[in-house]
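Read the figures in this text as sums done on the coordinates, not as results from a lab. This structure is a prediction, so every number in the text was calculated from the model and none was measured. FYI the Cβ positions are ideal-geometry reconstructions off the backbone, even for glycines, and counts take in every protein chain you see.
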Amino acid sequence: MSASDEELPKLLGDCVHCGFCLPTCPTYVLWGEEMDSPRGRIHLMQQHAEGAPLSESMVGHFDACLGCMACVTACPSGVQYDRLIEHTRAEVESEHPRPLRERALREAIFALFPYPRRLRALRGPLRLYQRARLDELVRRTGLLERISPSLAAMERLAPPLGKAPRLPERVAARGGRRATVGMLTGCVQREFFPGVNAATARVLALEGCDVVIPRTQGCCGALSLHSGREDEAKEFARRTIEAFEAVDVIVVNAAGCGSSMKEYAALLAGDPAWARRAEALSARTRDLAEYLVELGPRAERRPLPVTVAYHDACHLAHAQGVRSQPRALLAGIPGLTVREITDPDVCCGSAGVYNLLQPEAAGELGDRKAGHVRGTGAELLVAANPGCAMQIATALRRQGAEIAVAHTAEVLDASLRGLGRGALITDAP
């Protein structure tokens with residue numbers, strides 16, 4: 001997806017510095033600093049393209065960008081900022097020597113999160129840690145915050161863990177098969193939100209889909225791609241293509257993963273052995289809400305008397321252009337009321353691993369988003385990305401708000417199976 005050196009001058013020149021991007025840029029909204037806006041960063045990119053070295057200050061402004069792509073949606077000139085920031089991040093990673101502590105943190109993050117088996121090994125100790133309520137003690141002491149704000153953020157963001165059901169390799173359609181789809185289980189989604197994957201498979205089956213869940217699948221490469229680790233992203237992409245080549249449609253329930261898989265065609269365009277295979281997979285990838293709307297409803301929707309606020313994940317709304325489909329699915333549930341969140345285009349602060357690498361800025365954005373969610377008066381927040389769910393849930397807890405968080409798939413699952421509001425919300429006695 002990143003720009004080639006030949007394309008770079010034109011892509012940089014597309015920006016006319018009009019400022020339409022400013023109100024949608026999270027860091028500009030927080031700080032009002034020109035160099036922490038998209039046009040300011042493009043100015044720095046231009047300086048670097050003309051020969052200026054990557055200074056510590058320059059890299060700091062690039063690192064502060066969430067890569068949320070709200071500016072791409074807002075831009076009237078069609079500036080491809082997403083390609084520019086990915087190109088720049090790849091250059092930063094190859095050219096800029098980071099301090100040892102920061103380098104070690106980044107390597108630890110990318111040695112853990114893109115590997116589901118490593119995350120699974122972490123589940124047991126983390127679950128014991130939570131059940132012993134050591135998390136409350138650690139947060140009261142503030143010890144971890146003093147050792148490392150990034151580690152403290154990682155600890156705070158971890159969702160409450162229960163048993164993790166494992167899905168079979170195939171889930172049969174109910175009531176006659178309409179389609180056969182492959183399902184990406186993801187990394188964080190698979191190990192920390194297994195209920196979302198189970199709900200996704202059930203919803204697809206109830207709507208008449210045979211669901212194929214390849215055992216050979218692993219990380220799709222989203223975190224690596226959006227962090228400038230292009231070679232690593234390409235390797236993950238090739239493995240994902242191999243895992244899903246036998247299915248006609250790949251359904252994804254995590255916004256960042258779907259966005260990356262739809263970018264495979266651009267990511268592997270320069271690789272003769274993989275370019276056509278990547279293009280074919282990108283064309284067959286659908287977000288869950290996108291696919292269900294294309295397929296059309298068949299299963300009966302049962303009443304679900306809940307008031308929900310729907311959160312637009314950046315990599316769903318801006319990167320994939322999927323906005324109306326989740327709302328249409330929610331609107332089709334009898335008794336359910338959808339309320340809109342103020343400033344929906346401003347990121348919640350999750351942005352892949354941004355909330356681990358930039359915990360202070362991410363915390364401010366999370367608090368801002370949580371305040372807007374509370375302002376809706378909704379009982380339930382619906383989000384379609386695991387990072388967003390963790391980020392906003394953490395901010396809501398910090399503010400003492402009693403608002404549950406669920407994925408679109410879980411809400412649909414509760415309606416299709418007639419489970420009622422109790423499946424999503426625990427009412428106070």
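For segment 113-159, which trypsin sites (Lys or Arg not before Pro) are both in a DSSP coil and crowded by at most 11 other Cβ atoms within 10 Å?
Details: sites: Arg117, Arg118, Arg120, Arg123, Arg127, Arg131, Arg133, Arg139, Arg140, Arg146, Arg156; in loops: Arg133.
Qualifying residues, ordered by number: Arg133.
Could you work out the pair-distance distribution P(r) of the chain from its alpha-carbon pairs, with 10 angstrom bin width and percents rounded to whole numbers? Final binned percentages: 4, 21, 33, 27, 12, 2, 0. Listed by chain and number, the aspartates and glutamates whose alpha-carbon sits under 18 Å from that of Lys234, ignoring those within fewer than 8 places in the same chain, are Asp82, Glu86, Glu91, Glu93, Glu107, Glu242, Glu245, Glu263, Asp271, Glu279. Per residue, the average separation of C-alpha pairs within less than 8 Å and at least 6 apart gives segment 279-344 a relative contact order of 42 percent. Peptide packing for 159-169, 61-71 was compared via the average number of neighbouring C-beta atoms within 10 Å per residue; ordered from the highest value, the list is 61-71, 159-169. Computed over segment 101-157, the quotient of the alpha carbon radius of gyration and 2.2 N^0.38 Å is 1.21. Annotation: the antiparallel percentage among DSSP beta bridges lying fully within the chain is about 10. Residues considered: Ala319, Ala121, Ala158. Largest GNM mean-square fluctuation over the chain, using C-alpha springs under 10 Å, is found at Ala121.
Taking every C-alpha pair closer than 8 Å and separated by at least 6 residues, the mean separation divided by the residue count of the chain gives a relative contact order of 15 percent. Note on the chain: helix-only mean residue ellipticity at 222 nm, from DSSP H runs of 4+ residues weighted -39500 (n - 2.57) and normalised by residue number, equals -15000 deg cm²/dmol.
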